[in-house]
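Novice: Questions regarding the structure given below will be posed in turn.
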Amino acid sequence: MNSPLSGLYVHVPFCRTKCPYCDFYSVTDLGLMDTWLKAVAAEVQFYRNDFPVCDSLYLGGGTPSLLDEDRLGPLMEVLQGEIKFTPDAEVTLEANPDDLTPARLSFYRGLGVNRLSLGVQSFDESELRLLGRRHTARQAEEAVAMARQAGFANLSLDLMYALPGQTLAGWERTLQIALACRPEHLSCYQLTLEPGTALGRKYGQAGKTLFNEDAEREFFLFTSGYLEGEGYLHYEISNFARGESRVCRHNLKYWRRRRYLGLGPGAHSFDGRRRWWNHRSVVRYCELLTAGKPPMAGSELLTPEQVRLERLLLGFRMRDGVELESLAGREEDLANLASRGWLRVEGGRARPTIQGFLVADRLPLCFSD
Ligand code: SF4
């Protein structure tokens, strides 16, 4: 049974500059912000009855911390006016460390933001420069300290590994500094050279990483072992939480196929059956909404078999895995994967091991017809 509680995502598609590794949709023309804000306010009207109650709100991007008080205040007012949030709703805002000040952080708290996701990426100055980040390592540490001062008890840091020239020892140094900040949550992503990005062009290996498979494994297993040794739960391939209560509630909705509404250019939504997505271009998105039309670019309704495979694909990304019921009749395949050390059966679920995380994308294929 799908929970009636939904998640709300708002895509803030603006960045001051474009980082050379990033392929998220964002534009650097900040002059479009007011039109975008009006468009989001118009878009939520289309869906307010279909997603009446949410227990998570995620302001992602792009760079939501680029929104000043005169824009973020009205945005939250519109969202909270149209959608009912549970009293314990998780409200996350993604922020770049160099945008934060004590006043800005207090403002966020006043708006009900109770979780900050900081785009730190590295605590090494040369790596930060290579990644085109505008902040220094010191600024990231200061941002954490300011957030604590402002009363944030739920902080997540985004970090990247397998960077050009990076060693395991260098990555360990970044993790050490991150852990000294005592974040409640960490997202650790491997750098992938995305097509169309400056780094992808520079290294000419779009879609790949800079390291061979053995080195990638080493980084991944080191990260998992190191953070689990420090008391973090490796609950999803790239995500770690200091205990169950710090797992990101909003992101769980994607992995567990719960209902979510996405507003903004390129945002995806799912009502429990159908998934749809918006036009990526800010200009097109705004044009459609200004003309009173929904900004949908496409939608899909999966077949029962596709739904089954998608459940496995998403489920095997998480330590929780999938219910054994969804693998009924596939006991032999299950035993085979368990004997290879990729899955273990526990508490009525098939759960991927850390080794299983390394092949998570391939696991569902072992249960396809
Ligand atoms: S990494 Fe973040 S700040 Fe950099 S371009 Fe991408 S969305 Fe913008």
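Novice: Order 211-223, 305-317, 116-128 from most to least packed using the mean count of other Cβ atoms within 10 Å.
Specialist: Values: 211-223: 14.9, 305-317: 17.7, 116-128: 22.2.
Descending mean neighbour count gives 116-128, 305-317, 211-223.
Novice: Which FRET efficiency value, to the nearest 0.05, is calculated for GLU218 and SER126 with the Förster distance at 22 angstrom and r the Cβ-Cβ distance?
Specialist: On the way: r = 21 Å, r/R0 = 0.97.
The calculated FRET efficiency here is 0.55.
Novice: Got the relative contact order for region 274-369 handy, in percent, Cα pairs under 8 Å and 6 or more residues apart? All intermediate terms of the calculation are to be shown ahead of the outcome.
Specialist: On the way: 110 pairs, mean separation 23.2, N = 96.
Contact order relative to length: 24 percent.
Novice: Then there is this: Rounded to whole Å and ordered largest first, report the semi-axes of the equivalent ellipsoid of region 236-369 derived from its Cα gyration tensor (root of 5λ). Provide the component values of the computation, followed by the final result.
Specialist: Numbers: eigenvalues 232, 60, 27 Å².
After scaling each eigenvalue by five and taking roots: 34, 17, 12 Å.
Novice: Measure out, as a whole number of angstrom, how far apart the alpha-carbon centroids of region 297-360 and region 238-282 sit.
Specialist: 19
Novice: Still on this structure, I have one more. Please give the calculated 222 nm ellipticity per residue for the chain, where each DSSP H segment of at least 4 residues contributes -39500 (n - 2.57) and the sum is spread over every residue; nearest 500 deg cm²/dmol? Please list the in-between numbers first.
Specialist: Values: 13 runs with 136 residues, N = 369.
Value at 222 nm, helices only: -11000 deg cm²/dmol.
Novice: Given the C-alpha centroids of region 53-75 and region 113-128, what is the distance between them in whole angstrom?
Specialist: So the separation of the two Cα centres works out to 18 Å.
Novice: Now, a different point. Whose amide H sits under 5 Å from the amide H of GLN190, counting only residues 5 or more places off or on another chain, with H placed in the peptide plane?
Specialist: Here the answer is TYR161, since their amide H atoms fall under 5 Å of that of GLN190.
Novice: Viscosity 0.692 mPa s, temperature 37 °C: what is the translational diffusion coefficient of region 1-115 from Stokes-Einstein with a Kirkwood Rh over Cα pairs, rounded to a whole number of µm²/s? Intermediate values should be presented prior to the final figure.
Specialist: On the way: Rh = 14.9 Å.
Translational diffusion coefficient: 221 µm²/s.
Novice: Turning to a different aspect of this structure: Which one, LEU252, VAL113, THR35, is farthest towards the positive end of the dipole of the chain when Lys and Arg carry +1 and Asp and Glu -1 on their Cβ?
Specialist: THR35
Novice: Right, here's the next one. Just need log10 I(q)/I(0) for region 274-316 at q = 0.22 Å⁻¹, Debye formula, equal scatterers on the alpha-carbon atoms, no solvent, rounded to two decimals.
Specialist: -0.71
Novice: For the chain, report the convex hull volume of the alpha-carbon atoms normalised per residue, in Å³, without decimals. Intermediate results must be reported in sequence, preceding the final value.
Specialist: Numbers: hull volume 52.8 nm³, N = 369.
Each residue corresponds to 143 Å³ of Cα convex hull volume.
Novice: Pop a pseudo-label 7 angstrom from the Cα along the beta-carbon direction at both GLU332 and LEU302 and give the gap in nm to one decimal.
Specialist: So the label points at GLU332 and LEU302 sit 2.6 nm apart.
All of the numbers you see were taken from the coordinates with simple rules; none came from a lab. Just so it is clear, the model here is predicted, and its values are computed rather than measured. As a convention, Cβ positions derive from the backbone with ideal geometry for all residues, glycine included, and neighbour counts pool all protein chains shown.
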